[in-house]
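Colleague: Can you keep this structure in mind? I'll have questions shortly.
The values are calculated or read from the model by the stated rules, or taken from the named source; none is laboratory data. Everything numeric here is computed off the predicted structure, so don't read it as measured data. Quick reminder, even Gly has a Cβ in these numbers, built from the backbone with ideal geometry, and neighbours come from all protein chains shown. SASA here: full protein model, heavy atoms, side chains in, ligands and nucleic acids out. Shrake-Rupley method; radii C 1.70, N 1.55, O 1.52, S 1.80 Å.
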Amino acid sequence: MVRLTYLLILSTIGLFGGSANSATTDSPPKEIRQFLNSNCADCHVGEDSEAGFELGSLRGTPGKINWETWTRIYDRVASGEMPPPEDSNIDQQQRRKFLKTTQNWISQKQQEAYRESGRSRGKRLTRIQLENTLHDLLGIDLPLAEMIPEEPLVHGFTTVGEGQPISHHQLKQHVSVVDAALEEAFRRAKPNLNSTWKREFKAEQVARNHSRRCREPELRKGLATTWSSNLVFYGRLPVTTANEAGWYKMTIRAKSVRPPENGNVWCSIRSGECQSSAPLMSWVDSFEVTPELSEKTVIAWLPEGHMFEVKPSDAKLKKARFANGQVGTGEGESQNVSGIGIDSIVLEKIHIGQSQPQIKNILFGSGEAPNAEDEPTLNANLNQAKTLIQRFATAAFRSPCAPDVIDRYFAPVSASLKAGQSFEKSIRMGYRAILCSPRFLLFPAPAGKLNSYALATRLSYFLWNRMPDAELLQLAAEGQLENKLVLHQQVERLLNHPNGQQFASAFASEWLDLRLIGFTQPDPKLYPGFDPIVEHSMLAETSAFLEHLIQHNRSVGELIDSDYTFLNSHLASFYGIKNVMGGDLTKVSLNPKDHRGGILTHGSVLKVTANGTQTSPVTRGTWISERLLGIEIPPPPENVPAIEPDTRGAATIREQLQKHQNDPSCASCHRIIDPPGFALENYDPSGRWRDVYTTRIGRKKTRGLTIDASSKMPSGEPFEGISSFKEILLTKKNLIANNVASQLLTYATGAPVALADRSSIVACVADTEKEDFGFRSLIHAVVNTPEFLNK
């Protein structure tokens, strides 16, 4: 059965696969070839071609061409970078003629490919979309995405078809996920097997119940107390150990113990086995405890044998020291440290999916599920099974199914029933075949305009990352989504829905590389104060900020600069912003002395674009160019060494970069990359403001040279630092808006914006200018582009 499933999926992928970036093409027009031979051949022919680009590579494989390379040539000539002004005397008329001819040729060929096979091809469900879809279909809440490795980012996103190949190994993983989902659904559908419960533990039960040294809280003045310490797994709570895997809701009632004079005690909540043989821990949440008792509720998935850990995790707090990795009662008392005192814990095992009757109805219909003790007649079984297969296939495929399609999936179910197999086993076989079908895993559609169901599907996975709901499907059935007003209303509804409020964080995680925030950790000696609470607060700040832009249709210019952000007291303290109170994120007004405003100065972005020890103007400049300005930076030539600060006689990273700018093979890119990177040099790898560089010599931390954040934009405008750099970018709002629209379209359709698509982007951005390029308006405009409405 599994082998047949693999073959079925692979054979169907052949119908939908391919890439518009490798379409069949003829040779470029004569005028293009003449221009390249006259102006580019001297530097870009042969093994020693400058910047790693050789004209011969444009030929590609027989009958194919790489449109991305041709588009890069077009852009470099359009910007005036190539041919180099100092080495070429072409006049503007020649340049304009080349650009017009090249644009027309590339666009014509790309449009021909679109008409033949569509713009977006080979796109399938991502791991997150697969989990959400199986949850919607089966009513379950199993964390299925964890069973699949993270997907690569291609053109910035996991949703792009080019980065979604399907190997036999990936198909095997898909089948395993489907089997796990069905196993859970059929288990949950049975009565008396839904183990939900609620238990309360007093401090005496939470604290250690023995006198030996350990890592559990100690009972102190009626509270289960854990002191501030760097000891791993200290604060683990064995009373919360999961006797079976599932979702657990914990409400903790606690207060601070010996809080610091200047604030409260910030604590982390993590989960894991909490033992040295299994050191990995999962982040759950953080919260602030005050001298008064307060409650914090969290919901988390706990595998069997895992427990919660709750402890002070503020890096600014003094840390207690304990010998031999264990803590004895009273050992923290004399060390003058802060802690958390737990008064009680309420632990509930819950389900966040649908109820047992609802899941039973999904699998067996509204009637009683046939069983061995009460089997209906064979004909009744067959009729019920066909009805269920038709209903399930229609939901799974996100559109009505033709009778021959239903027959294909019903046939093995019918044969199984006729062979005397149980109804449950037979219908489960049919569901499994449907969930392993390419029509479920992929987004099949013919070239041209999307039909109503395909449009509903694209819209739902764009804004919700899950299958369309009943209202969208009903409108699709009525053909109403082709009405622009109805489509506008549905975008509004989806964005306002709780599912839509996750759009900002899901989109930003990939667009802004935020999912990489934990890849490195700042050196605690050089950059003290950074801790996991700061890191997760940074992510929350950016998500809240983007959600605010979307919900209130704020200008994309606020991505560059704003007079507000969203902080809790811990992150505000880390940034050095005063008078922010409370553990919840709140909108905070900023002033120039805060050195904040816009996502450029969000700690999440600043940390993602640094390596934990040093900052690199190249890394940050490339990030700004590609993520915010939409300027693609090609990879460096292979023969150019990586940039290392303070080497070969260079005292600063600026001097080292100057050497690259003096290298002809590097200069054309570095004049674009370096200025934005220099503008952010006042922010260290942890995201804090600094005026001087900090270095370590052995264990000693020393102050280095004063930071120079000045530079000059490629277009000639000078700036002295981040403030004047932002002012320059704010004069280019249409450029920011063009990039946001391009990123949204790529994320939504699974295909990067090609040269042939640019006119649509320009038009949709122009439609939003009257709203000052509002983020929500851009989403609406992108949804109405031909690229979104067509395959």
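Colleague: For region 184-205, enumerate the residues that are open to solvent by less than 60 Å² (accessible area, probe 1.4 Å) and either in a helix (DSSP H, G or I) or within 18 Å of Gly330 (Cα to Cα) (or both).
Modeller: Within region 184-205, Glu184, Ala185, Phe186, Arg188, Ala189, Ala203 qualify.
Colleague: Given the residues Val605, Val588, which is the only one that is open to solvent by less than 50 Å² (accessible area, probe 1.4 Å) and without any contact (Cβ under 8 Å) to a residue 60 or more places away in the chain?
Modeller: Exactly one residue qualifies, and that residue is Val588.
Colleague: To continue, here is another question. Just for region 671-694: of the residues that are open to solvent by 40 Å² or more (accessible area, probe 1.4 Å) and at pLDDT 85 or above, which one is nearest to the chain's Cα centre (by Cα)?
Modeller: Here the residue is Arg688.
Colleague: Quick one: how many residues across region 99-133 are touching a helix residue (DSSP H, G or I) at 6+ places or on another chain (Cβ under 8 Å), within 23 Å of Lys449 (Cβ to Cβ), charged (D, E, K, R) and in a helix (DSSP H, G or I)?
Modeller: Selection size over region 99-133: 1.
Colleague: Can I ask one more? I'd like to check something: does region 289-306 contain any residue that is open to solvent by less than 20 Å² (accessible area, probe 1.4 Å) and more than 28 Å from the chain's Cα centre (by Cα)?
Modeller: Within region 289-306, one or more residues are open to solvent by less than 20 Å² (accessible area, probe 1.4 Å) and more than 28 Å from the chain's Cα centre (by Cα).
Colleague: When you check Arg208 against the structure, is it touching an Asp or Glu at 6+ places or on another chain (Cβ under 6 Å), among the basic types (Lys, Arg), surrounded by fewer than 22 Cβ atoms within 10 Å (Cβ to Cβ) and farther than 17 Å from Leu442 by Cβ, yes or no?
Modeller: So Arg208 fits the description; yes.
Colleague: Now for a separate question. Return the residue satisfying two criteria in turn: it lies in region 408-444 and is among the charged types (D, E, K, R) and in contact (Cβ under 8 Å) with a residue 12 or more places away in the chain, and of such residues it is nearest to Ala395 (Cα to Cα).
Modeller: Residue satisfying both the conditions and the ranking: Arg439.
Colleague: Which residue pairs have Cβ atoms under 7 Å apart, sit 6 or more places apart or on different chains, and have a first residue in region 528-553 that is closer than 30 Å to Ser777 by Cβ and open to solvent by 20 Å² or more (accessible area, probe 1.4 Å) and a second that is aromatic (Phe, Trp, Tyr) and in a loop (DSSP other than H, G, I, E, B)?
Modeller: none
Colleague: Considering region 134-154 alone, what residues qualify as being touching a Phe, Trp or Tyr at 6+ places or on another chain (Cβ under 8 Å) and in a helix (DSSP H, G or I)? Spell out how you get there, then give the answer.
Modeller: Of all residues in region 134-154, those touching a Phe, Trp or Tyr at 6+ places or on another chain (Cβ under 8 Å) come to 137, 141, 143.
Result: Leu137, single match.
Colleague: Given the structure, is Ala245 surrounded by fewer than 18 Cβ atoms within 10 Å (Cβ to Cβ) and closer than 29 Å to Ser195 by Cβ?
Modeller: Values: surrounded by fewer than 18 Cβ atoms within 10 Å (Cβ to Cβ): yes; closer than 29 Å to Ser195 by Cβ: yes.
Taking the combined requirement at face value, the residue satisfies it.
Colleague: Among Arg515, Arg493, Arg466, which is open to solvent by 40 Å² or more (accessible area, probe 1.4 Å), over 27 Å from Trp283 (Cβ atoms) and touching an Asp or Glu at 6+ places or on another chain (Cβ under 9 Å)?
Modeller: Numbers: Arg515 fails: over 27 Å from Trp283 (Cβ atoms); Arg466 fails: over 27 Å from Trp283 (Cβ atoms).
Within the list Arg515, Arg493, Arg466, the selection yields Arg493.
Colleague: Within the set of pairs 6+ apart or on separate chains, which have a first residue in region 778-791 that is free of Cβ contacts under 8 Å to residues at least 60 places away in the same chain and farther than 13 Å from Arg458 by Cβ, a second that is assigned to a helix (DSSP H, G or I) and open to solvent by less than 10 Å² (accessible area, probe 1.4 Å), and C-beta atoms under 6 Å apart?
Modeller: From region 778-791, the pairs are Ala781/Cys764.
Colleague: Within region 695-726, how many residues turn out to be open to solvent by less than 80 Å² (accessible area, probe 1.4 Å), without any contact (Cβ under 8 Å) to a residue 24 or more places away in the chain and among the acidic types (Asp, Glu)?
Modeller: Total meeting the criteria: 1.
Colleague: A follow-up question, please. Please state which one of Gln474, Gln502 is under 25 Å from Thr158 (Cα atoms), in a helix (DSSP H, G or I) and out of contact with any Lys or Arg (no Cβ under 7 Å at 6 or more places or on another chain). Give the derivation first.
Modeller: Working: Gln474 fails: under 25 Å from Thr158 (Cα atoms).
The unique qualifying residue is Gln502.
Colleague: When you scan region 567-582, do you find a residue that is more than 22 Å from Leu680 (Cα to Cα), surrounded by fewer than 19 Cβ atoms within 10 Å (Cβ to Cβ) and among the small types (Gly, Ala, Ser), even just one?
Modeller: yes
Colleague: Collect the residues in region 714-731 that are of a type outside the set (Val, Ile, Thr) and either more than 28 Å from the chain's Cα centre (by Cα) or at pLDDT below 95 (or both), keeping them in residue-number order.
Modeller: Within region 714-731, Pro714, Ser715, Gly716, Glu717, Pro718, Phe719, Glu720, Gly721, Ser723, Ser724, Glu727 meet the criteria.
Colleague: Of all residues in region 727-756, count the ones that are open to solvent by 10 Å² or more (accessible area, probe 1.4 Å), in contact with an Asp or Glu (Cβ under 9 Å, 6 or more places away or on another chain) and farther than 24 Å from Thr159 by Cβ.
Modeller: Looking only at that region, the number is 6.
Colleague: For Gln170, which of the numbered conditions (1) surrounded by fewer than 22 Cβ atoms within 10 Å (Cβ to Cβ); (2) in a loop (DSSP other than H, G, I, E, B); (3) of a type in the set (S, T, N, Q) fails to hold?
Modeller: All conditions are met except number (2).
Colleague: Go through region 364-380 and count every residue that is at pLDDT below 90 and either open to solvent by less than 30 Å² (accessible area, probe 1.4 Å) or in a loop (DSSP other than H, G, I, E, B) (or both).
Modeller: Of the residues in that region, 10 qualify.
Colleague: Continuing with this model, one more query. Quick one: which residue in Asp767, Asp772 is touching a residue at least 24 places away in the same chain (Cβ under 8 Å), of a type in the set (Asp, Glu) and open to solvent by 50 Å² or more (accessible area, probe 1.4 Å)?
Modeller: So the residue among Asp767, Asp772 that is touching a residue at least 24 places away in the same chain (Cβ under 8 Å), of a type in the set (Asp, Glu) and open to solvent by 50 Å² or more (accessible area, probe 1.4 Å) is Asp772.
Colleague: Right, another one. I'd like to verify a number: residues in region 399-420 that are exposed (fewer than 15 other Cβ atoms within 10 Å of the Cβ) and of a type outside the set (A, V, I, L, M, F, W, C), how many? Even if it seems obvious, please write down each step before you answer.
Modeller: Initial filter on region 399-420 (exposed (fewer than 15 other Cβ atoms within 10 Å of the Cβ)): 400, 402-404, 407, 411, 415, 418-420.
Subset that is of a type outside the set (A, V, I, L, M, F, W, C): 400, 403-404, 407, 418, 420.
Qualifying residue count for the region: 6.
Colleague: Among the residues of region 554-566 satisfying the criterion of being outside any helix (DSSP H, G or I) and in contact (Cβ under 8 Å) with a residue 40 or more places away in the chain, which is farthest from Ser268 (Cα to Cα)?
Modeller: Restricting to residues being outside any helix (DSSP H, G or I) and in contact (Cβ under 8 Å) with a residue 40 or more places away in the chain, the top hit is Ser555.
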